[in-house]
Structures are given as structure tokens and as C-alpha cells.
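Where a number appears in this text, it was derived from the coordinates with a stated rule and is not lab data. Computed from a predicted model, the values in this text were never measured in an experiment. Glycine also receives a Cβ, built like all others from the backbone with ideal geometry; neighbour counts cover every protein chain displayed.
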Amino acid sequence: MKILFLNGPNLNLLGQREPEIYGHTTLADIEANVRERADELKAEIDFRQSNLEGELVGWIQQAKGKFDVIVINAAAYTHTSIALRDAIAATGVPTIEIHLSNVHAREEFRHKSLIAPVCRGQITGFGHKSYILGLEAAIDVKVSK
Ligand code: CA2
């Protein structure tokens, strides 16, 4: 069972700015937590971050045949990127959308996710625990496939 975690723009700043919204946990801390839980669940993970839309598109395309599930926090590209949506639809790898904050309780422009219709589901608003919930959902998606 191989799961690809993808993180979009500015998530490399986690823990350094806007702690009132995103908390004090860094992306490296989140990765360590996910790895620990993945070990318990006997899952293998790859954890990546990019500020570049095209790099994320490339990783999604390359996931086919290599990963069972993608878990993605597309960050701001969630709300803007037809390219990410098309890549998720094209790759055919089941994909789970996650967010740290509850995007539906924030500004209106965050309420719309362009990737949600091509994802299996959305986990939003549980802080860094959204990543653990995403991991558990990914395993569930694979088991019940
Ligand atoms: O809540 C989430 O996980 C988001 O995907 C985070 C994105 C935001 O654009 C989405 O609407 C919701 C922002 C990620 C940027 O993270 C920062 C972290 C520290 C300082 C500044 C930005």
C-alpha cells in the first residue's frame, strides 16, 4: 500500500507565519506524524511539497501505477487550478482532498474547490490531524476498492 502526500504552495511556511490560522506545527512535524501512523498501519508514504503548479501536475501524472492513493493539500491551488483537477481526473488514482483549516468557515473564495468533484472526499478543518485522517481514509479507500 503506497500513498503519495502532496502539498501545495506556501505550506513550507507552516509553523512560521499565521499560527492563529494554521497552528505552530511545521510541515516537517506533520510529515513525521504521518510517517509514524503509516508505520503502524503498514503503509508506505512519499511526502512532497511544491510551490509550483506544474510540478504538482507532473507528480500527479507520474503517480499512476506507482501509488495506490493520493492525499493532497493543494493549498491555494484548490480554489484556482483546472490543471490540477484535470491531472487528478486523468491519472485515475483515487485522491483525497485535505485542508488544515475549515475552508467553508473562511472567506467565500475558499468555499469553492475545483478539485473536490474529482476527489473521493474532502477532509477540512482538523488542523494537522487532517493529514492523519487523510491517511486513514486513503487506507480505507484502497481496502474497499
Ligand atoms: O487550510 C488549508 O490547509 C489550506 O489548504 C491552506 C492554504 C489556503 O490557501 C487554503 O485555502 C486552505 C494556504 C497554505 C499556506 O499556508 C501558510 C502557512 C503559513 C503562513 C502562510 C501561509
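Okay, here's what the table says:
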read-out: Charge dipole of the chain about the Cα centre (unit charges at C-beta), most positive-ward option of 72, 27, 50; value: 72
read-out: Environment charge at residue 75 (Cβ cut-off 15 Å; Lys +1, Arg +1, Asp -1, Glu -1); value: +1
read-out: Inter-centroid distance (Cα atoms) of the range 71-145 relative to the range 26-53, Å; value: 15 Å
read-out: For the chain, built as a Gaussian network whose Cα springs stay under 10 Å, the top-fluctuating residue of 54, 121, 92; value: 54
read-out: Lysines whose Cα lies under 30 Å from that of residue 42, excluding same-chain neighbours fewer than 8 positions away; value: 2, 64, 66, 129, 142, 145
read-out: GNM result for the chain, Cα springs below 10 Å: residue of 70, 45, 82 fluctuating most strongly; value: 82
read-out: Helical mean residue ellipticity (222 nm; -39500 (n - 2.57) per DSSP H run of 4+; nearest 500) of the chain; value: -11000 deg cm²/dmol
read-out: Local electrostatic count, residue 87, Cβ distance below 12 Å [Lys/Arg +1, Asp/Glu -1]; value: -1
read-out: Distant alpha-carbon pairs in the range 2-143 (separation over 21 angstrom), percent; value: 35 percent
read-out: GNM result for the chain, Cα springs below 10 Å: residue of 16, 122, 49 fluctuating most strongly; value: 16
